[in-house]
Amino acid sequence: MKEEQMNEDGTQEKKKAKNKHAKKKKRKIFRKILLFLLIIFLLTGGVLAYKTYKNGWGLEGFLETIVGNNETTKENLEEFRVLVLGVSTDISAKLTDTIIVASYNPNTQKATLLSIPRDTYVGTNKKKATASNKINALYQSDISKTLEAVNDLTGLNIKNYVVVDTTALIELVDAIGGVEFEVPINMKYDDKSQDLHINLKKGLQHIDGNKAEQLLRFRKNNNGTSYPEEYGGDDIGRMRTQREFITAVVQQTIQAKNILKLGSLLDIANKYVETNVDINVAKKYLPYIIDLDIQNLQNNVLPGVSDKINGIWFYINDEEETEKLINELYNNQNTSSAENNETNTNDANSINNTNTIDEKSENVTNTTQKNTSKK
C-alpha cells in the first residue's frame, strides 16, 4: 500500500512539474510575442515619425503621412476644380437649385466659388425659348448636360462633379455641431402644404440643421418681400446667402477637431452625395485644405443680366465680362482682390437694377409634363 501511495504521489509531482514547465513555456512564448509586437510598434511608429518629420511635422505633415503623400506631392498637384450641384428635395422635379464651380489650389492656398444663376439661358433659339432652356432643368436629363453647359458658359474644362442632396448639408451641419452665421435679413414664411415654416431673425446666430433648411429654402417672406437690392435682390441674394453659408460650413468642417468625426461625415457623403471624383485623387488634397484661410476664399457670380423672353425670365450671361472674370480667377491674369470684389458687387447691382426674376421663372416644362417649382 505504501509503495502504491508513493508511486501515486510521484506521478502527481511529475504532473505538477510538467504543468509548471508548460506554464513557464507559455509565458516565454507570450513574452516573445509581446516583444515582437513592441518591436513592430516601435518600428512602425519610428517610420511614421520619420515620414511625418520629412513632411514637415504638424497636423499637415501627419495627414500627409496618413494618406501616403510625401514632401514632393503638393508641388505636383494642380488646381482642383469641381462642379457642385445642390438638388432641390422639396419639389417633384429634380432641379439644381445651387450651381457652383468650386476650385482649390494647394500651392497658393487660393479657393474660389463661382455661382451660376439657376435661370441662366442655355438654349440655342431664343424665339422658341421655354423654361426647359434654363440651366437648372438640365440635371433632369443627365448630369453631363449640366457639366457641358457650364463648360460652354465659362470656357473651363471641368470634368469632376459633386451632386449634393439638400438633406446632406442639413445633416452635415448637425454633425459638426452647428455653424455660426450672419443671417442677412429677417425671414418669415409659412407654407402649410409643405409643412414649411421659416422664422429666422437677422444677425449672427447659431444655425443647426433645422435652421439651415429654413435658410436654404427661403425665397420670399409672407408679405412678398425678399432680399434687398443692395444685398443682391431675389435670386442673386439667395445665391449669395447659399455661397456664404456653404463657406461657413466648409470653414467649420475643415477644423482639426472634426477629424474625429470623419466617419460620420463620410456616412453622410455616402448616403446623399453623387460624384465622379476619384477618392485616391481627392485624398491627396486633404492634408493641405486644413491650412486654407477661408477669409481669402473668393465668391463670384457669372456676369450677366435678367431678360424676359417669351414671357419667361431668363438670366443671360455677358460673354465678354465672363471671359474677363474667368481670366482673373483661373488664368493668373487677375487684378487686385479689392478691384475684383468691387466689380462683382457692381455686376450684382446691375443685375438687380435690370429686372427682377418673378415666380414664373420657377416653372420647368418637359416634353411629358410640366413641373412647377414650389417655395
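The values are calculated or read from the model by the stated rules, or taken from the named source; none is laboratory data. Just so you know, these numbers come straight off a predicted model, no measurement behind them. Reconstructed Cβ throughout: ideal geometry from the backbone, glycine too, with neighbour counts over all protein chains shown.
Below is a table of values for the structure above.
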| quantity | calculated |
| --- | --- |
| Only one of Y227, Y231 that is out of contact with any strand residue (DSSP E or B) (no Cβ under 8 Å at 6 or more places or on another chain) and closer than 16 Å to L200 by Cα | Y227 |
| Subset of segment 261-278 [touching a strand residue (DSSP E or B) at 6+ places or on another chain (Cβ under 9 Å), of a type in the set (D, E, K, R) and touching a residue at least 60 places away in the same chain (Cβ under 8 Å)] | K271, E274 |
| Flag for D174 being within 20 Å of T96 (Cα to Cα) and either outside any strand (DSSP E or B) or acidic (D, E) (or both) | no |
| Evaluation of I176 against (1) under 20 Å from N276 (Cβ atoms); (2) surrounded by 15 or more Cβ atoms within 10 Å (Cβ to Cβ); (3) touching a residue at least 12 places away in the same chain (Cβ under 8 Å); (4) out of contact with any Lys or Arg (no Cβ under 6 Å at 6 or more places or on another chain) (one fails), failing number | (1) |
| Among (1) touching a Gly at 6+ places or on another chain (Cβ under 8 Å); (2) at pLDDT below 85; (3) not in a helix (DSSP H, G or I) - the single one Q242 does not satisfy | (3) |
| Listing of strands (runs of 3 or more DSSP E) fully contained in segment 279-375 that carry 1 or more residues being at pLDDT 50 or above and in contact with a strand residue (DSSP E or B) (Cβ under 6 Å, 6 or more places away or on another chain) | 298-301, 304-309, 312-317 |
